[in-house]
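Undergrad: Before we start, here is the structure in question, set down as structure tokens.
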Amino acid sequence: MSKQESGFKVISVLVLIAFFAAALLAYVNKITREPIARNMKEETKQAVRIVLQNLGQFDYPDDPLDKSLTEFTARYFTAKNASGQIVGYAIIVKAPNGFGGDFDLMVGIDSTGKVLDTYVLNHKETPGLGDNMKKEDFKKQFRGRSLANTRWAVKKDGGDIDALTAATITSRAFTAGVKRALTVFNVLNEEAKQ
Amino acid sequence: MNIKEKAIKSFFMENPVTGLLLGLCPTLATTTSAENGIGMGLATTFVLLSSNVVVSLLRNVIPNRVRIPAYIVVIATFVTIVDMSMQATLYQLHKTLGLFIPLIVVNCIILGRAEAFASKNTVWHSFLDGLFMGLGFTFSLFILGSVREILGSGAWLGIRLIPESWNTILVFVLAPGAFLSLGFILIGMERLSRLFERGK
């Protein structure tokens with residue numbers, strides 16, 4: 001340290017650096033904001049297409065609608081066929097208490113209340129263990145299940161669902177998530193009938 | 001400074017991970033697969049390169065007393081740029097690495113190179129230093145990620161090597177596997193570095 005700089009110089013240099021940094025970030029934020037929003041939307045749309053693919057062509061709104069129940073809230077897309085009849089729902093719920101916290105799960109449900117397919121939107125489950133929930137081997141057992149025809153718990157807890165090897169907590173959260181989606185479906189279905 | 005010598009040095013003897021043992025938090029946390037390793041490595045390389053160049057440019061302007069805060073502002077700016085542009089272009093990769101990108105700010109390799117190298121050398125040399133150090137970091141993350149992915153998931157760069165129903169050594173995907181693999185890689189790199197030194 002050769003000489004002691006004046007306080008004024010020290011402050012002005014720091015302020016200048018911070019100013020340029022802020023200006024640069026504002027610019028980058030401006031050009032990336034739209035692609036980021038588009039990516040998120042695109043992924044959700046992609047997920048809707050996957051979980052409802054068995055229903056064929058249909059119309060659904062661009063943005064999901066909100067549905068609040070007493071215990072949790074969900075978002076959903078309504079799929080309608082050409083004549084405007086409701087053929088199914090894609091319901092986004094939080095799967096509660098996974099190994100890495102809650103995670104977002106989309107469940108496709110047809111108009112009779114049967115699960116079509118599931119899609120995990122984002123999660124922090126352990127790679128190689130919990131994230132096997134995205135694999136076909138685990139997902140296929142949920143297809144065709146409804147609230148009435150299934151005991152919604154993993155086999156260890158006396159239910160009908162085969163848990164993932166070494167990822168029981170993730171499987172419980174996933175099962176509870178699908179059950180939540182079916183509960184939301186029942187509410188939506190009742191409302192649609194009225 | 002000889003570029004070839006500098007390159008060999010940053011990959012082996014002075015490799016940030018296996019030589020200097022710096023930045024181990026992102027190293028251990030993100031290398032569950034080879035792809036994640038490369039992604040994290042390249043993100044860090046970009047930040048290292050840019051911050052080295054800017055710190056070197058400003059080395060006569062930044063007052064000595066506040067150099068560390070100044071470096072941190074510069075580094076944090078580039079990390080945020082990487083974070084936002086990754087989210088805009090490589091959305092899937094960002095979903096797996098997202099949590100760790102902001103942590104590049106406190107990666108000691110970057111502050112270490114700014115303080116130890118860029119603040120004392122010309123822009124061109126700092127650029128090379130950032131580039132090679134970053135690539136060295138990427139290289140070791142790639143090796144570590146490959147070992148863990150092959151042993152832990154039975155795949156490499158997402159390509160399955162064994163049938164999905166076979167059991168793999170799961171522990172390698174988890175945190176203890178990261179430490180184990182790193183230990184063995186350190187032994188291997190130490191041997192290699194000695195070979196290079198003897199060859200000189």
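Undergrad: Right, residue B:184: of a type outside the set (A, V, I, L, M), in a helix (DSSP H, G or I), in contact (Cβ under 8 Å) with a residue 60 or more places away in the chain and under 22 Å from residue B:41 (Cβ atoms) or not?
TA: no
Undergrad: Okay, moving on. Every residue in region A:130-149 that is without any contact (Cβ under 8 Å) to a residue 40 or more places away in the chain, buried (at least 16 other Cβ atoms within 10 Å of the Cβ) and not in a loop (DSSP other than H, G, I, E, B), please.
TA: Applying the first criterion (without any contact (Cβ under 8 Å) to a residue 40 or more places away in the chain) to region A:130-149 yields A:131-132, A:134-149.
Right, trim to buried (at least 16 other Cβ atoms within 10 Å of the Cβ) and you get A:131-132, A:138-139, A:142, A:145, A:147.
Scanning region A:130-149 gives A:131, A:132, A:138, A:139, A:142.
Undergrad: Given the conditions (1) closer than 30 Å to residue A:10 by Cβ; (2) crowded, with 22+ Cβ neighbours inside 10 Å, which single one is not true for residue B:30?
TA: The number of the failed condition is (1).
Undergrad: If a residue must be in contact with a Phe, Trp or Tyr (Cβ under 9 Å, 6 or more places away or on another chain) and either surrounded by 17 or more Cβ atoms within 10 Å (Cβ to Cβ) or without any contact (Cβ under 8 Å) to a residue 12 or more places away in the chain (or both), how many such residues does region A:65-81 contain? Give the steps one after another, and end with the answer.
TA: Of all residues in region A:65-81, those in contact with a Phe, Trp or Tyr (Cβ under 9 Å, 6 or more places away or on another chain) come to A:65-67, A:76-81.
Next, from what is left, pick out any that are either surrounded by 17 or more Cβ atoms within 10 Å (Cβ to Cβ) or without any contact (Cβ under 8 Å) to a residue 12 or more places away in the chain (or both): A:66-67, A:76-79.
Count: 6.
Undergrad: In region B:71-80, is there at least one residue being at pLDDT 85 or above and touching a Pro at 6+ places or on another chain (Cβ under 7 Å)? Walk me through it before giving the result.
TA: We begin by selecting, within region B:71-80, every residue at pLDDT 85 or above; these are B:71-80.
Add one more test, that the residue is touching a Pro at 6+ places or on another chain (Cβ under 7 Å), and what stays is B:79.
Yes.
Undergrad: When you look at residue A:109, is it within 14 Å of chain B (Cβ to nearest Cβ) and out of contact with any Cys (no Cβ under 7 Å at 6 or more places or on another chain), yes or no?
TA: On the way: within 14 Å of chain B (Cβ to nearest Cβ): no; out of contact with any Cys (no Cβ under 7 Å at 6 or more places or on another chain): yes.
No; evaluated as a whole, the condition is false for this residue.
To keep it simple, each residue is scored yes or no on (1) of a type outside the set (S, T, N, Q); (2) more than 23 Å from residue B:160 (Cβ to Cβ); (3) surrounded by 14 or more Cβ atoms within 10 Å (Cβ to Cβ); (4) at pLDDT 90 or above.
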{"site": "A:107", "(1), (2), (3), (4)": "yes, yes, yes, yes"}
{"site": "A:113", "(1), (2), (3), (4)": "yes, yes, yes, no"}
{"site": "A:128", "(1), (2), (3), (4)": "yes, no, yes, no"}
{"site": "A:159", "(1), (2), (3), (4)": "yes, yes, yes, no"}
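Undergrad: Sticking with this one: Give the residue that is nearest to the other protein chains (Cβ to nearest Cβ), with candidates limited to residues of region B:143-180 that are outside any strand (DSSP E or B) and β-branched (Val, Ile, Thr).
TA: Looking only at region B:143-180, we keep the residues that are outside any strand (DSSP E or B), and these are B:143-154, B:157-158, B:161-180.
Remaining after also requiring β-branched (Val, Ile, Thr): B:143, B:147, B:150, B:162, B:168-169, B:171, B:173.
Details: B:143: 18, B:147: 14, B:150: 12, B:162: 14, B:168: 8, B:169: 10, B:171: 9, B:173: 3 Å.
Among residues in region B:143-180 that are outside any strand (DSSP E or B) and β-branched (Val, Ile, Thr), the one nearest to the other protein chains (Cβ to nearest Cβ) is B:173.
Undergrad: To continue, here is another question. Go through region B:38-56 and give me each residue that's surrounded by fewer than 23 Cβ atoms within 10 Å (Cβ to Cβ) and touching a Ser or Thr at 6+ places or on another chain (Cβ under 8 Å).
TA: Those that are surrounded by fewer than 23 Cβ atoms within 10 Å (Cβ to Cβ) and touching a Ser or Thr at 6+ places or on another chain (Cβ under 8 Å): B:38, B:42, B:45, B:53.
Undergrad: May I ask you to verify whether residue A:13 is surrounded by 13 or more Cβ atoms within 10 Å (Cβ to Cβ) and away from chain B (no Cβ under 12 Å)? Even if it seems obvious, please write down each step before you answer.
TA: Working: surrounded by 13 or more Cβ atoms within 10 Å (Cβ to Cβ): yes; away from chain B (no Cβ under 12 Å): no.
Criteria not met by residue A:13.
Undergrad: Now for a different question. Go through A:180, A:172 for me and flag whichever is surrounded by 17 or more Cβ atoms within 10 Å (Cβ to Cβ), modelled with pLDDT of 90 or more and farther than 14 Å from residue A:125 by Cβ. Before you say what the answer is, go through the steps one by one.
TA: Numbers: A:172 fails: farther than 14 Å from residue A:125 by Cβ.
None of the others qualify; the one that does is A:180.
Undergrad: Just give me the residues in region B:59-78 being more than 8 Å from every other protein chain (Cβ to nearest Cβ) and assigned to a helix (DSSP H, G or I), in sequence order.
TA: Here is the first cut: in region B:59-78, the residues more than 8 Å from every other protein chain (Cβ to nearest Cβ) are B:59-60, B:67-68, B:71-72, B:75, B:78.
Scanning region B:59-78 gives B:67, B:68, B:71, B:72, B:75, B:78.
Undergrad: Which ones in region A:150-177 are part of a helix (DSSP H, G or I) and in contact with a Lys or Arg (Cβ under 8 Å, 6 or more places away or on another chain)? Give the derivation first.
TA: At the first step, the residues of region A:150-177 found to be part of a helix (DSSP H, G or I) are A:155-157, A:168-177.
Correct list: A:157, A:168, A:177.
Quick grid of which residues meet (1) among the β-branched types (Val, Ile, Thr); (2) out of contact with any Ser or Thr (no Cβ under 6 Å at 6 or more places or on another chain):
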| residue | (1), (2) |
| --- | --- |
| B:103 | no, yes |
| B:106 | yes, yes |
| B:111 | no, yes |
| B:125 | no, yes |
| B:128 | no, yes |
| B:136 | no, no |
| B:159 | yes, yes |
| B:184 | no, yes |
| B:190 | no, yes |
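Undergrad: Among (1) in a helix (DSSP H, G or I); (2) more than 13 Å from chain A (Cβ to nearest Cβ); (3) crowded, with 23+ Cβ neighbours inside 10 Å, there is one condition residue B:16 misses while meeting the rest; what is its number?
TA: (1)
Undergrad: With respect to the numbered conditions (1) exposed (fewer than 15 other Cβ atoms within 10 Å of the Cβ); (2) within 14 Å of another protein chain (Cβ to nearest Cβ); (3) among the β-branched types (Val, Ile, Thr), which one is the sole condition not fulfilled by residue B:122?
TA: (2)
The values are calculated or read from the model by the stated rules, or taken from the named source; none is laboratory data. These numbers were taken from a predicted model, which means no experiment stands behind them. FYI the Cβ positions are ideal-geometry reconstructions off the backbone, even for glycines, and counts take in every protein chain you see.
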